[in-house]
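Colleague: The structure under discussion is supplied below as structure tokens; questions concerning it will follow.
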Amino acid sequence: METKTQPKTQEANPMKKQRMNGSEAVIQSLLHEGVDLLFGYPGGAIMPVYDALYHYNDKLHHVLVRHEQGAIHAAQGYARVTGKVGVSFVTSGPGATNAVTGIADAMVDSTPLVVISGQVAAPLLGTDAFQETDVVGITQPITKWNYQVKRAEEIPEAIAKAFYIARTGRPGPVVLDITKDAQFGMLDFTYSKDVKIRSYKPSKPVKKDSVAEAVRLINLSKKPLALIGQGVILGGAENELKTFLEKTGIPAAWTLLGLSALPSDHPLNVGMLGMHGNYGPNVKTNESDLIIAIGMRFDDRVTGNVQKYATNAKVIHLEIDPAEINKIIFADVPVVGNVKESLPMITEMAAEKNHDEWVKEFRACDKIEDQKIIQPELYPAKEGLTMGEVVRRVTEVYNDDAILVTDVGQQQMMASRYFKFKNTRSVVTSGGLGTMGFGLPAALGAQLGQPERPVCCFVGDGGIQMTIQELGTIWQTKAPVKIILLNNNYLGMVRQWQELFFDRRYASTLLENPDFQTISKGYHIESSIVDDRSELDAAIKKMVEHDGPYLLEVKVEKEGNVFPMVPTGASVSDIRLE
Amino acid sequence: MKQEFTISIYSENHVGLLNQVTTIFTRRHINIESLTTSESAIPGVHKFTIVVFTSRDTINKLLGQIERRIDVLKAFVFTAEEIIHQEVALYKVKTEALLNSNEIEKLVRQYGARILEVTNEYTVIEKTGHKEETQELFDKLDRFGVTQFVRSGRIAVTKLNQELLSNYLVKLDNDKSILD
């Protein structure tokens, strides 16, 4: 699927050759790709590129992060909310290895990135030179494509190819490792975005017979359930999805990364799938007679025990990546291709229907969950503040139209469950890799990508400390990110598992935390702290009204748990409410 | 049920492709029984022939992951019945052993092997065939002392009439939609 094409810049005529060095060619190539913002960190082997960048400061804005992991996460946040390719510069050796976590995160969550790493000069390759690492070797399994550029003349073509591969088909990260001598070398620059790679087919045309078979099953089904994944968002198929659901009357549940593809209040939205998802869609998965998976990959956090998953259902799998078909769950009808193409083909042929009785069954489950879990979490009567009530108050204040960025852990699950959405591309979270430390830098990138929209970043006291130095970047860019730190003095999700499955042996999960208010002050970021329910609304109001970045620390109950929960190895229908 | 599969992978001839391909196997802890790589009949296209023991389900998933690599053109999987395959083995014995009796010469005839080189010190024998055959000859020759033995990876052609990849490349040329 082609993510949103970047606007063409009014740069020099690409057909007219210009003599320049490799570093300038890097910058010129990025301008031809429509890049106007990138994240990075300079160092020895990338200095020539930074020197070239110096002369293009007005066209290409560089955000200096505090650690290369932050550069990648920020580029991910930027890419996820804009649909453009996120771009990062890192230096060789430790610069590149620091970026590895972010690249792996982008790979598993299909985020289009182009990461340009400096490398020692070609004659030094393989000599254990200062700050030399085998970047191509290290990043090979965690990139959609990577390549080492050793000659200046290769640069424009390699960059064009990198962008093309990153954004087309199932998007993903690309690493270009450019040796220092290639950055200094001279070339006659021309740029063509007309990339053809005979070994790469981004998306196959949708097969009509598989569409017909899918439609036949859909028309026959009594209890169909649609599963929405990030493929809908990456393919820009939100409207196509809505039209399909509304014509067929099929209830739809979402994966963590499919969140915000369908508005929260849509009558056919039946909630979140998986381990900490909603009761209804998990239980009903095993009652459904037809699963229609749309741009999702049946992650184990969604399926629970695959032997006991969707036991009564046939499966239609709409997916752009053929390698995902039958990888986890057998697809009776695979529909390979971009869902933006396949969904309208199905909608056109499918019978107009409603499944009101079936949808009511979900709503009956919602009632049970609401009573047992949601009400006590969102409107607690007990003394301690809950994560859920903080999330509820924040989303309400923003009228359910803010961008949500989360870190990983309990706050991530609480925010995903209780934050509400009107618009797509409104969630940035680390799904497949589950990278703690993702939130803060990703929120920065999201805010710079969508400067007009409010960005709320939920982090825990554990995760924020993994990339806390990016408060410096947030301050330097003045990105008005609202950071909501839910502090329970524990590595909460691990502690929850220890409580439930390790007999309350809290091994190394209790944190002795710094004073986050002082830290925030040290980074010049306005902040406040709340530990009482009566102060919460006023504190949130102050945060929202503050013009600039803000950190709101909420001392939540220490041993709160996220429920419902599908324990590891259990079937989705054995979801626990307590 | 585990069985033997031969995978043919056609790829661009780029640095690092071997690593790209082998990590797909190592990540799933699948041992590569044999691996051969060389340029294919199509100039610029590299061919890997890989033999593994695994299940049909796993091999299909592996194939998906292999074809997902950007520089891989196409991968095909075959069972032993669908291909003609060979390996080549070289055996080094002392020339003295060859001359002491006619046993080694008899084995060479019997197994359709041939003598590549004879010097005063050593003799090199070559045999092509399936692994069981080259192994059997080794076991017999070793009674006279094999000082060096080496066996190549498998090479294979299909029993189909046409070259699969050529068809695929023609299809690529004709069907532009595949490329876009």
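Colleague: Over the Cα atoms of region B:84-155, how large are the radius of gyration and the largest Cα-Cα distance (Dmax), in Å?
Modeller: Over region B:84-155's Cα set, Rg and Dmax evaluate to 11.5, 37 Å.
Colleague: Scanning chain A for chymotrypsin sites (Phe, Trp or Tyr not before Pro) in DSSP loops with at most 12 other Cβ atoms within 10 Å, what's the longest stretch left with none?
Modeller: A:131-501
Colleague: With just the Cα atoms defining each centre, how far is region A:134-168 from region A:298-313? Give it in Å.
Modeller: Centre-to-centre (Cα) distance: 36 Å.
Colleague: Which entries in the list A:Lys478/A:Lys555; A:Lys201/B:Lys131; A:Lys222/A:Lys382; A:Lys196/A:Lys327 go over 32 Å, if you measure between the two C-alpha atoms of each?
Modeller: Checking Cα-Cα distances, A:Lys201/B:Lys131; A:Lys222/A:Lys382 exceed 32 Å.
Colleague: Related question: Once both labels are modelled 7 Å past Cα along the beta-carbon direction, what's the B:Glu96-B:Gln135 spacing in nm?
Modeller: That separation, rounded to one decimal, is 3.1 nm.
Colleague: Report the FRET efficiency, 1/(1 + (r/R0)^6), for B:Thr58 and A:Ser508, where r is their Cβ-Cβ distance and R0 is 51 Å, rounded to 0.05.
Modeller: That pair, B:Thr58 with A:Ser508, gives E of 0.90.
Colleague: Report, as an integer, the average count of C-beta atoms from other chains found within 10 Å of each Cβ along A:137-147.
Modeller: Taking all residues of A:137-147 together, the mean is 3.
Colleague: Ok, one more. Apply the a/c threshold of 1.5 to the C-alpha gyration tensor of region A:383-555 and tell me whether it is rounded, prolate or oblate. Write out the running numbers ahead of the final one.
Modeller: Values: a/c = 1.41, a/b = 1.35, b/c = 1.04.
Here region A:383-555 falls in the rounded category.
Colleague: Further question on the same structure: When A:Met466, B:Met1, A:Met414, A:Met349 are ordered from fewest to most other Cβ atoms inside 10 Å of their Cβ, what list results? Walk me through the intermediate numbers first.
Modeller: Values: A:Met466 21, B:Met1 6, A:Met414 28, A:Met349 15.
Neighbour counts put them in this order, fewest first: B:Met1, A:Met349, A:Met466, A:Met414.
Colleague: Can you tell me the FRET efficiency between A:Asp300 and B:Glu105 if r is taken as the Cβ-Cβ distance and R0 is 51 Å, rounded to the nearest 0.05?
Modeller: So, using R0 = 51 Å, E works out to roughly 0.25.
Colleague: Could I ask something else about it? Between region A:244-289 and region A:491-555, what is the separation of their alpha carbon centroids in Å?
Modeller: Each part's Cα centre sits 31 Å from the other's.
Colleague: Still on this model: Around A:Ile159, with a cut-off of 11 angstrom between Cβ atoms, what is the net charge of the other residues, counting Lys and Arg +1 and Asp and Glu -1?
Modeller: -1
Colleague: Further, regarding this structure: Going by how many other beta carbons lie within 10 Å of each one, how would you line up A:His73, B:His14, fewest first?
Modeller: Exposure proxy ranking, most exposed first: B:His14, A:His73.
Colleague: A further question follows. Could you please report the charge total around B:Phe149, scoring K, R as +1 and D, E as -1 over all other residues with beta-carbon less than 10 angstrom from its beta-carbon? The partial results should precede the final answer.
Modeller: Numbers: positive: B:Lys92, B:Arg151; negative: B:Asp142.
Once all neighbours under 10 Å are counted, the net charge is +1.
Colleague: A further question on this structure: Taking the alpha-carbon set of region A:18-189, what are its Rg and Dmax in Å?
Modeller: Rg, Dmax (Cα atoms, Å): 14.2, 41.
Colleague: How tilted is helix B:131-141 with respect to the longest principal axis of chain B? Cα atoms for both, answer in degrees (0 to 90, nearest 10).
Modeller: So the inclination is approximately 20 degrees.
Colleague: Report, as an integer, the average count of C-beta atoms from other chains found within 10 Å of each Cβ along A:164-170.
Modeller: Values: counts 0, 1, 0, 0, 1, 2, 1.
Averaged over the peptide's residues, the number is 1.
Colleague: In what sequence do A:Val232, A:Val394, B:Val157, A:Val359 fall when counting other Cβ within 10 Å, fewest first?
Modeller: So the ranking, lowest neighbour count to highest, is B:Val157, A:Val359, A:Val394, A:Val232.
Colleague: Just counting partner chain Cβ atoms within 10 Å, what average do the residues of peptide A:197-204 show around their Cβ?
Modeller: Average per residue, whole number: 6.
Colleague: Could you give the semi-axes, largest first, of the ellipsoid that matches region A:208-360, computed as the square roots of 5 times the alpha carbon gyration tensor eigenvalues and rounded to whole Å?
Modeller: After scaling each eigenvalue by five and taking roots: 19, 17, 16 Å.
Colleague: Between A:His524 and A:Lys372, with labels modelled 7 Å along Cα→Cβ, what's the label distance in nm to one decimal, could you check?
Modeller: Label-label distance for A:His524 and A:Lys372, simple model: 5.1 nm.
Colleague: Further question: Would any residue of region B:74-92 have its amide N under 12 Å from a label point 7 Å out along Cα→Cβ of B:Leu116? List them or say none.
Modeller: B:88-92
Colleague: Tell me, what is the Rg over Rh of chain B, with Rh the Kirkwood radius over Cα pairs?
Modeller: Ratio of gyration radius to Kirkwood radius: 1.08.
Colleague: Let me check the size of chain A from its C-alpha atoms; what are the radius of gyration and Dmax in Å?
Modeller: 24.1, 71
Colleague: Follow-up question, since we're still on this one. Could you tally the net charge around A:Ala538, taking each other residue with its Cβ under 13 Å from the Cβ of A:Ala538, Lys/Arg +1 and Asp/Glu -1?
Modeller: 0
Colleague: Roughly what % antiparallel, to the nearest 5, for the DSSP beta bridges in the protein assembly as shown? Write out the running numbers ahead of the final one.
Modeller: Working: 52 of 117 bridges.
Antiparallel: roughly 45 percent of the beta bridges in the protein assembly as shown.
Colleague: Could you work out how far apart the two model spin labels at A:Tyr56 and A:Arg363 are, taking each label as a point 7 Å from the Cα in the direction of the beta carbon, and quote it in nm?
Modeller: That separation, rounded to one decimal, is 5.6 nm.
Computed from the coordinates by the stated procedures, all read-outs in this text should not be read as laboratory data. In this text the structure is predicted, and so the values were computed from the model without any measurement. FYI the Cβ positions are ideal-geometry reconstructions off the backbone, even for glycines, and counts take in every protein chain you see.
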